[in-house]
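To start, the structure itself, in structure tokens.
The values are calculated or read from the model by the stated rules, or taken from the named source; none is laboratory data. Not measured: the values here are computed from a predicted model. Every residue, glycine as well, gets a Cβ built from its backbone with ideal geometry; the counts of neighbours run over all protein chains shown. These accessible areas exclude ligands, DNA and RNA; they are computed on the full protein's heavy atoms, side chains included. Shrake-Rupley method; radii C 1.70, N 1.55, O 1.52, S 1.80 Å.
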Amino acid sequence: MGKRKTSVKKKTLNPTYNEILRYRIAMETLKTQTLNLSVWHNDTFGRNSFLGEVDVDLSKWDWNNTQMNFFPLKPRTPSGLQATDYRGEMRLALRFLPQISHSKRTSNAGEVHIWVKDCKSLPIIRGNNIDPFVKCSVLPDTSRKSRQKTRVLKKTANPMFNHTLVYDGFKAEDLREACVELTVWDHDRLVNHFLGGLRLGLGTGKSYGAVVDWMDSNTDEATLWERMIDSPNEWVEDVLPLRMLMMAKSVWK
């Protein structure tokens, strides 16, 4: 569904927001979703700190309830998908080709190949069908150069992309600091709708010594990335469940 956020409240442990966050969504679709609310400390340098979260199962929500409700914030738990969290899956393969660049600027650098094969059982969030496509960035680079995407496939929740994304300029040591962010979207003329995503990295929470929120790969995602690092020049493949992501950057079209 995408992400909404409130304004930042300064210098308080007891913030009052009084804000309404709006989504346009059919009721039958809404009842299949989980609402995730997370609270963050805003940092001047963009390194926001996670404070707590709550998941609300909308399939069990009483829509006649007009009272204010209070929920205790909880720490993040290891990823374990509930039925309402399921956002489909992606089949993909990775390969690192070391030292294939011969230019002086990228001496001893190689390429990372990301082969997006297909997705299955994507959530249908509007109407009777979706027009999915995949966006990719390699963090911490959030520049336009880092952004690639597949073509849009029409009216299918099981798209066959068979699309390879290539990123150059990588040294072997960079792979331990980088994170590939893959997100699946439903294309719309007015605004694209987020369906689910993956983050492929070591999941250490840090990049080049800095604490970052986007280095949050789960066990399956980190395992595939490690297999790629340990098997240069070879394709490694897996099918991974898509999940909700806190976007590491502004959404791009």
Among [x] 1.14; [y] 3.13; [z] 1.08, the value of Cα Rg over 2.2 N^0.38 Å computed for this structure carries the label [z]
Highest-MSF residue in the chain out of T150, T219, T12 [GNM, Cα springs under 10 Å]: T12
For H113, what is the net charge nearby, where nearby means another residue's Cβ is under 13 Å from its Cβ and Lys, Arg count +1, Asp, Glu -1? -2
Too long for a 18 Å Cα-Cα cut-off, among K120/K155; K120/K145; K117/K154; K117/K171; K120/K154; K3/K120, are K120/K145; K117/K171; K3/K120
Can you compute the helix-only [θ] at 222 nm over the chain? Use -39500 (n - 2.57) per DSSP H run of at least 4 residues, normalise by all residues, nearest 500 deg cm²/dmol. -1500 deg cm²/dmol
Packing-wise, with mean Cβ within 10 Å as the measure, how do 205-212, 62-69, 236-243 rank, highest first? 236-243, 205-212, 62-69
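With all protein chains present, how much of the accessible area of the chain (probe radius 1.4 Å) comes from carbon and sulfur, to the nearest whole percent?
50
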I'd like the Karplus ³J(HN,Hα) series for region 184-196: coefficients 6.51, -1.76, 1.60, θ = phi - 60°, whole numbers in Hz, and an x wherever there's a Gly or Pro. 9, 10, 9, 6, 9, 4, 8, 8, 6, 10, 5, 10, x
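Using +1 on the beta carbon of Lys and Arg, -1 on that of Asp and Glu, and nothing else charged, what's the dipole of the chain about the Cα centre, debye to 20?
I would put it at about 1060 debye.
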Per residue accessible area in Å² of region 117-174, where ligands, DNA and RNA are left out and the probe is 1.4 Å: 52
Please identify every one of the trypsin sites (Lys or Arg not before Pro) in region 89-192 that sits in a loop by DSSP and has no more than 12 other beta carbons within 10 Å of its own beta carbon. K104, R105, R151, K154, K155, R189
Gaussian network model of the chain, Cα within-10 Å springs - most flexible of E28, E89, E19: E19
By what distance, in whole Å, do the Cα atoms of region 95-178 stretch along each of the three principal axes, largest value first? 52, 22, 20
Across N18, N128, N158, the residue with the highest GNM fluctuation in the chain (Cα network, 10 Å cutoff) is N18
